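Novice: Here you go, one structure.
Read-outs: derived from the displayed coordinates by stated rules, not from any lab. Predicted, not measured: the structure shown is a model, and the values here were computed from it. Don't worry about glycine lacking a Cβ; one is built from the backbone with ideal geometry, like all the others, and counts go over all protein chains shown.
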Amino acid sequence: MNSLDFSTLGLRAINQKLQSLDPGTNEREWTITNPMGQHAIACGLTAPISVTVDGHAGFYCAGMNQNAEVTINGHAGVGVAENMMSGIVRIKGNASQAAGATAHGGLLIIEGDASSRCGISMKGIDIVVGGSVGHMSGFMAQLGHMVICGDAGEALGDSIYEAKLFVAGSVESLGADCIEKEMTAEHEKTLADLLEKAQINKDAKLFRRYGSARTLYNFDIDQADAY
């Protein structure tokens, strides 16, 4: 286990060290101590390493992640795992706004709650939230899965494309063009697999599925009030 003290090294030195690791490195386990809620920690990682942020993280932690497994032992600020491509990011606490924004792949696990716009414009990432999410989560979500084990705030899935949303609790309201859809055996299997990967013990049969009604794909003057 390699330890990097944020209070001594600072952001630039830590990120440069982790970003410069060769994919074949034998130094696979890293811990960042004393993160102090600073921004952009462990961004742009490309090697298949494991990084533990031992404390709270600020904005954009683990952004642009590829291949790495990043664990935050605390809460995360705005835009955690933003534009993530692959790998796993796990938050032991809560996440602020726009968690997983624009992310193309990988798995984001938020063991607590997520604030507004979780998964905004997601493009292939899988997001599993152990608690609830705030308003406009899944806004313009294009591809991937979002699993919400608690409740969802207002305007869930507003202007959604082809992402699939699963909610176990209540939904305050659905956004434009988002509807409840059939939950098939195939969807239950996909959901169960995601819950297992996220190590969250929740019965897939408790969830409902939401997705696009596909009425806003092309502008229609008769649907103008819905835009």
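Novice: Beta carbons within 10 angstrom, averaged per residue: use that to sort the peptides 31-44, 113-126, highest first.
Specialist: The packing order, highest mean first, is 113-126, 31-44.
Novice: Taking H placed 1.01 Å from N in the peptide plane, check which residues at least 5 places from ASN2 or on another chain put their amide H under 5 Å from its amide H.
Specialist: GLU29, TRP30, THR31
Novice: Among MET85, ASN2, LEU18, whose Cα projects farthest towards the positive end of the dipole of segment 2-226, with charges put on the beta-carbon of Lys, Arg (+1) and Asp, Glu (-1)?
Specialist: ASN2
Novice: On to the next question. Checking the cross-link filter: which aspartates and glutamates have an alpha carbon closer than 15 Å to that of LYS164, excluding same-chain neighbours under 8 positions apart?
Specialist: ASP126, ASP177, GLU180, GLU182, GLU186, GLU188, ASP193
Novice: Modelled label-to-label distance, GLN142 and SER20, 7 Å Cα→beta-carbon offset: nm?
Specialist: 3.4 nm
Novice: Another question, if that's okay. Could you list LEU206, LEU45, LEU216 in order of exposure, starting from the residue whose Cβ has the fewest other Cβ atoms within 10 Å?
Specialist: LEU206, LEU216, LEU45
Novice: Give a residue-ordered list of calculated ³J(HN,Hα) values for segment 127-141 (Karplus: 6.51 cos²θ - 1.76 cosθ + 1.60, θ = phi - 60°; whole Hz; x for Gly, Pro).
Specialist: 10, 10, 10, x, x, 10, 10, x, 5, 6, 5, x, 4, 6, 5
Novice: From the helices alone, meaning DSSP H stretches of at least four residues, give me the mean residue ellipticity at 222 nm for the chain, per-run term -39500 (n - 2.57), in deg cm²/dmol to the nearest 500.
Specialist: It lands at -3500 deg cm²/dmol.
Novice: Against the longest principal axis of the chain, how steep is helix 185-198, in degrees 0 to 90 to the nearest 10, with axes from Cα atoms?
Specialist: Roughly 20 degrees, rounded to the nearest 10.
Novice: Separate question: Starting from the Cα gyration tensor of segment 2-226, take the square roots of the eigenvalues, sort them a ≥ b ≥ c, and report rounded, prolate or oblate (rounded when a/c is under 1.5, otherwise prolate if a/b is larger than b/c, else oblate).
Specialist: Prolate, since a/c reaches 1.5 and a/b exceeds b/c.
Novice: What FRET efficiency comes out for the pair SER3/GLU154, r = Cβ-Cβ distance, R0 = 41 Å, nearest 0.05?
Specialist: The formula returns an efficiency of 0.45 here.
Novice: Round to a whole angstrom and tell me the spacing of the C-alpha centers of segment 10-61 and segment 171-220.
Specialist: Rounded to whole Å, the Cα centres lie 33 Å apart.
Novice: Using +1 on the beta carbon of Lys and Arg, -1 on that of Asp and Glu, and nothing else charged, what's the dipole of segment 2-226 about the Cα centre, debye to 20?
Specialist: Dipole magnitude for segment 2-226 comes out near 460 debye.
Novice: Please work out whether segment 79-121 counts as rounded, prolate or oblate from its C-alpha gyration tensor, where a ≥ b ≥ c are the square roots of the eigenvalues and a/c under 1.5 means rounded, while otherwise a/b larger than b/c means prolate and anything else oblate?
Specialist: The shape class here is oblate.
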